[in-house]
Amino acid sequence: MAQKVVVIYSGGMDSFTVLNKALQQNEEVYALSFDYGQKHKKELDYASRVCSKLNISHKVVDISAISFLLAGSALTDNIPMPEGHYEAENMKQTVVPNRNMILLSLAVGYAVSLEASKVYYGAHGGDHAIYPDCRPLFVEKMNDVCAIANYEAVEIVTPYLMQSKSEILAEGLAMHLDYADTWTCYNGREKACGKCGACQERLEAFASKQLVDPCLYE
């Protein structure tokens, strides 16, 4: 019998792969996306289209009213988007204060209301250098909290926590996923910039497989 699970689904490569992995494991998936005032909210359009195509439950939650509390990030504030590799010091400007703890807390509440046993999110090895809320210790501690925060324990599941973007892509390709259905760029323009850390990591992943990224770039 399929178990209900919540998947935090941004519309990007990683969460797209996580979503499909959960489906392939015969989970009953409830996708959850957030508008937190991000400049690249175009990703939410991709998320909605994919969920419609897959015929799965999808809720988009508007929490943009709290964006003024999450100031200081190039993703949400009036700060130029940094360019360069994820591991570059300037990419710390893309950290949104406490973002994943906020999103996970809401997702766990949703899971409890659904009587779902798990919440999936797409933290991966390439995030560790810059994002504290994607590191193994954070996931471990969140799991400790989510085991006792409600009468029902909810498990935080991060299938790609120790894997690179290239390894995630390889698994997605093995599942025959179409990454044209994803948006990665931190700029929400018509085409991807190809210069921000998110774009560079994505392009590197496709290059490592000697493939052309189906995303259109400026």
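Side notes on the structure shown:
- Exposure proxy ranking, count of Cβ atoms within 10 Å, fewest first, for Leu169, Leu44: Leu44, Leu169
- Region 67-185: relative contact order in percent, alpha carbon pairs under 8 Å with at least 6 residues between: 21 percent
- Prolate/oblate/rounded call for region 4-208, Cα gyration tensor, a/c under 1.5 rounded: rounded
- Relative contact order [Cα under 8 Å, 6+ residues apart], the chain, whole percent: 23 percent
- Count, lysine Cα pairs under 18 Å in region 76-218, 8 or more residues apart or across chains: 4
- Per residue of the chain, the DSSP helices (runs of n ≥ 4 H) give a summed -39500 (n - 2.57) that works out to -10500 deg cm²/dmol at 222 nm.
- Note on Ser52/Lys92: beta-carbon distance plugged into 1/(1 + (r/R0)^6) with R0 of 45 Å gives a FRET efficiency of 0.80.
- Between Lys141 and Ala65, the simple spin-label model (points 7 angstrom out along Cα→Cβ) gives 2.9 nm.
Taken together, the values in this text are just the output of simple stated rules run on the coordinates, not laboratory data. This one's a predicted model, so the numbers in the text were calculated from it and none came from an experiment. Counting neighbours? That spans all protein chains shown, and the Cβs are built from the backbone with ideal geometry, glycine included.
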